[in-house]
């Protein structure tokens, strides 16, 4: 962490105003362990300058949501790719439904 902070300061002439950590591949059982590791790195900020405490955001990215999105009109192939996935840039509603909240119907 110190190396990154020093590199940033050398390149920009100032300390970072805020720090954002992104971590991927961390299971829920490892959250606390990773947090402790990152906290040690965050405390390294104090070695740059006394009272230097930038706001820190810690984001753990996971893709285990099991959410599947389908086009409104499954017969309109222009709204999906060849595998049946909706196209990039598609927009969904703010409240998603699950199979348990809708009736089952034949898709094709």
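If you check residue 26 against the conditions, is it in a loop (DSSP other than H, G, I, E, B) and closer than 30 Å to residue 86 by Cβ?
Here the answer is yes, as residue 26 does meet what is asked.
May I ask you to list the residues in segment 1-24 that are exposed (fewer than 10 other Cβ atoms within 10 Å of the Cβ) and either free of Cβ contacts under 8 Å to residues at least 24 places away in the same chain or touching a strand residue (DSSP E or B) at 6+ places or on another chain (Cβ under 8 Å) (or both)?
3, 10, 11, 12, 13, 14, 18, 22, 24
Here's a check for you: in segment 2-18, which residue that is under 10 Å from residue 48 (Cβ atoms) and in a loop (DSSP other than H, G, I, E, B) is nearest to the chain's Cα centre (by Cα)?
16
What about residue 51, is it modelled with pLDDT of 75 or more and either assigned to a loop (DSSP other than H, G, I, E, B) or surrounded by fewer than 10 Cβ atoms within 10 Å (Cβ to Cβ) (or both)?
yes
Kindly indicate the residue of segment 69-86 that is out of contact with any strand residue (DSSP E or B) (no Cβ under 8 Å at 6 or more places or on another chain) and modelled with pLDDT of 80 or more and also surrounded by the fewest Cβ atoms within 10 Å (Cβ to Cβ) among those meeting that condition.
82
The values are calculated or read from the model by the stated rules, or taken from the named source; none is laboratory data. Since the model is a prediction, treat every value here as computed from it, not as a measurement. All Cβ positions, glycine included, derive from the backbone under ideal geometry; neighbour counts span all protein chains shown.
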